[in-house]
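The values are calculated or read from the model by the stated rules, or taken from the named source; none is laboratory data. Note that the coordinates shown come from a computational prediction; the quantities given were computed from them, not determined experimentally. FYI the Cβ positions are ideal-geometry reconstructions off the backbone, even for glycines, and counts take in every protein chain you see.
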Amino acid sequence: MKPQSNTQEESLKIQLYQVDAFTSKVFSGNPAAICPLEKWLDDETMQSIAAENNLSETAFFVAENDGYKLRWFTPQCEVDLCGHATLASGFVLMNILAPQNPKVRFKTRSGVLTVTRDADFISMDFPSLPPWRCENPPSELARALALDQNSSKTFVVFQTENKYFGVLENERQVRDTSPHFELLKTFHPFSVCITAPGEQSDFVSRNFVPSYGIPEDPVTGATHSSLLPYWSQRLGKQKLHARQLSKRGGEIWGEPNGDRVRLKGNAVLYLTGSISI
């Protein structure tokens, strides 16, 4: 009689690291799942893994020439740019898989992104995506953000190709906003960020991405590619400190540099495991 095959032993094992990014302590910042691969899985499988992980981003990378090819998936789709999962991928490589390397080059949909050690921080070189004044913002945007009458009177909207930025007067207004997520979904493919001057930082923000499966993103590095050039010009400062006021919270330091921005933050390992498929 033939012995039964052990399907568990025959399954494909994929290493997984879960890293909290833009924080120095677990249970805060933005968690990302990082999956190093020897070769690419098919897109459907990577999307299924991201949906199963149910984090704002799952990153996959494969070694390629002098760096790595990096891709990011939300629970619902692949995206063009992600800050916290790039930071987390650099953390995994420079602290666990290749600790001898002080720098990592990632080839992505948004070009080459370089991640380096910077004293106690991890530093990322990202494209600058400055927003411009939105001439015709959606009429329902203020209602979707549940802004009261006083807030909506001073509500100024900027935009990039896929995001609206609502600029409010103060940190309290940003913190107290309770958005209508179903209404925010109707602005797809646009997501929505709100921002204001900070009390203990140069500026604060919150970021809502419900149509991509992320009601509120805990800390959004890519969005700061737009926030940094905006606040640098408005405040007349080159080096800025930002806080994202989600429930988990997180901090980003950065500075614009022409058509690029430098984003810096901490990261901490939460979990190491493997996926069986």
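So how many residues does the stretch 207-251 have that are among the aromatic types (Phe, Trp, Tyr) and over 14 Å from the mean Cα position of the chain (by Cα)? The total comes to 2.
Just to check your reading of the model, which residue among Pro229, Pro215 is touching a strand residue (DSSP E or B) at 6+ places or on another chain (Cβ under 9 Å), surrounded by fewer than 24 Cβ atoms within 10 Å (Cβ to Cβ) and in a helix (DSSP H, G or I)? Unique residue meeting the criteria: Pro229. Here Val112 meets each of (1) touching a residue at least 60 places away in the same chain (Cβ under 8 Å); (2) over 21 Å from Leu16 (Cα atoms); (3) surrounded by fewer than 17 Cβ atoms within 10 Å (Cβ to Cβ) with one exception, condition (1). Take the residues in the stretch 141-160 that are modelled with pLDDT of 95 or more and assigned to a loop (DSSP other than H, G, I, E, B); name whichever of them is farthest from Trp231 (Cα to Cα). Checking each candidate, the answer is Leu145.
Taking the numbered list (1) surrounded by 16 or more Cβ atoms within 10 Å (Cβ to Cβ); (2) out of contact with any helix residue (DSSP H, G or I) (no Cβ under 6 Å at 6 or more places or on another chain) in turn, Pro130 passes all entries but (2). Of all residues in the stretch 35-48, none that is closer than 20 Å to Thr272 by Cα and in contact (Cβ under 8 Å) with a residue 12 or more places away in the chain has its Cβ atom under 9 Å from the Cβ atom of a residue that is among the basic types (Lys, Arg) and part of a loop (DSSP other than H, G, I, E, B), 6 or more apart or on another chain.
Scan the stretch 121-137 and give yes if some residue there is more than 16 Å from Thr160 (Cβ to Cβ) and free of Cβ contacts under 8 Å to residues at least 12 places away in the same chain, otherwise no. Within the stretch 121-137, not a single residue is more than 16 Å from Thr160 (Cβ to Cβ) and free of Cβ contacts under 8 Å to residues at least 12 places away in the same chain. The condition of being polar (S, T, N, Q) and touching a Phe, Trp or Tyr at 6+ places or on another chain (Cβ under 6 Å) holds for only one of Thr86, Thr23, Thr74, that being Thr74.
Is it the case that Lys107 is at pLDDT 95 or above, basic (Lys, Arg) and outside the structural domain of Ile252 (by TED's automatic domain parsing)? Yes. Annotation: of all residues in the stretch 31-56 being touching a His at 6+ places or on another chain (Cβ under 9 Å) and over 14 Å from Gly90 (Cβ atoms), the one that is surrounded by the fewest Cβ atoms within 10 Å (Cβ to Cβ) is Pro31. Among residues of the stretch 76-94 that are over 12 Å from Phe126 (Cβ atoms), those with a Cβ under 6 angstrom from a residue that is part of a helix (DSSP H, G or I) and of a type in the set (Phe, Trp, Tyr), sequence gap 6+ or separate chain, pair up as Gln76/Tyr212.
Considering the conditions (1) in contact (Cβ under 8 Å) with a residue 40 or more places away in the chain; (2) in a strand (DSSP E or B); (3) farther than 27 Å from Glu52 by Cβ, Gly166 is excluded by exactly one of them, (1).
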